[in-house]
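See structure below.
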Amino acid sequence: MITVLFFAQLKEQLKTDRTTLELPNDSRVKDVIAALVALHPEWESYLSNRTLLCAINQDMAELEDSVKAGDEVAFFPPVTGG
């Protein structure tokens, strides 16, 4: 089981802060996104945003990075400061 977390504006847009997924151990971040969109097609425009950031177990990650059972995958928009 993979725990998926959503932060900031993304959490508001998806109307949830977390979900769980069962995926094969050879999955990648892009597979997590595909599985989420398959379950919630209305999330596609938010999760396909090229500026969306991702972390696996609190380490920054890319779309091709591997995920496995027990991992925590977090998605969040880029943060700006001022």
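What follows draws every value from the coordinates through simple rules; no lab data is involved. Every value quoted in this text rests on a predicted model; they were computed, and no experiment measured them. Here the Cβ positions follow ideal geometry from the backbone for every residue, glycine too, while neighbour counts run over all protein chains shown.
Taking only DSSP H segments of four or more residues, each worth -39500 (n - 2.57), what value at 222 nm results for the chain once the sum is divided by all its residues, to the nearest 500 deg cm²/dmol?
It comes out at -7000 deg cm²/dmol, rounded to the nearest 500.
May I have the convex hull volume per residue, in Å³, for the Cα set of the chain?
87
Taking the Cβ of each residue in Glu72, Glu62 as the centre, tally the other Cβ atoms inside 10 Å and list the residues starting with the fewest.
Glu62, Glu72
For Asp17, Asp71, Asp26, which order do you get if you count the other beta carbons within 10 Å of each Cβ and list the fewest first?
Ordered by Cβ neighbours within 10 Å, fewest first: Asp26, Asp17, Asp71.
If the reach is capped at under 16 angstrom between alpha carbons, list the lysines near Lys30, excluding any in the same chain fewer than eight residues apart.
Excluding near neighbours in sequence, the set is Lys68.
Mind listing the long-range amide H neighbours of Val67? Cut-off is under 5 Å, sequence gap 5 or more, other chains count too, H placed in the peptide plane at 1.01 Å from N.
For Val67, whose amide H was placed from the backbone, the distant partners under 5 Å are Ser27, Arg28, Val29.
Between Arg50, Arg18, Arg28, find the one with the highest GNM mean-square fluctuation for the chain; connect C-alpha pairs within less than 10 Å.
Evaluated over the chain, the most mobile residue of the options is Arg50.
Mind sorting Ser66, Ser45, Ser27 by how few other Cβ atoms lie within 10 Å of their own Cβ, fewest first?
Lowest to highest Cβ neighbour count: Ser45, Ser66, Ser27.
Could you name the aspartates and glutamates whose alpha carbon sits less than 16 Å from that of Lys15, not counting residues in the same chain fewer than 8 places away?
Within the straight-line limit of under 16 Å, Lys15 reaches these aspartates and glutamates: Glu42, Glu44.
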